[in-house]
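In what follows, a single structure is set out as structure tokens and then discussed.
Just so it is clear, none of the values below were taken in a lab; they were calculated from the coordinates. Everything numeric here is computed off the predicted structure, so don't read it as measured data. Please note: Cβ atoms are built from the backbone with ideal geometry, for glycine as well, and neighbour counts cover all protein chains shown.
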């Protein structure tokens, strides 16, 4: 009986703490993460709508770098392109690139992750599913 009361008190206390943390947390803008899951491939890349950040990671120790290539597909800067590269070798975590994109509810970009031999863009080999990801700058889709 005492054990049951102790468990009930612990569960009630944990619920109260969780509720208090939920009610006291400041509101935060939603961040939407768009990623290409390239498990078993040279690397992967993600776009985070809050902060307009890309992250790219190299998975394979082969001497090649992993490059996330992006392009704005609409909005006032339509056609703008860029790259985020992981050049520090595999297994060293994510490399982050921070950009400033125009805000708008329907502005979008596309990206693909490739493996590249040094700076030679002509050597690009699409990684993972080989597919292009569409991401929304506002986080909405």
By Cβ neighbour count within 10 Å, fewest first, 65, 80 rank 80, 65
Label model pair residue 103, residue 61: point-to-point distance (7 angstrom along the Cα→beta-carbon line) in nm is 4.5
For 90, 105, ascending order of other Cβ atoms within 10 Å (fewest first) is 105, 90
Going fewest to most other Cβ atoms within 10 Å around each Cβ, 125, 137 line up as 125, 137
Distance in nm between residue 81 and residue 94 label points, each 7 Å along Cα→Cβ, equals 2.5
Once residue 132 and residue 52 are pulled to full extension, the length gained, defined as 0.36 nm per residue separation minus their Cα-Cα distance, is 27.0 nm
Quick numbers on the range 33-136, Rg and Dmax over C-alpha atoms in Å, give 13.1, 40
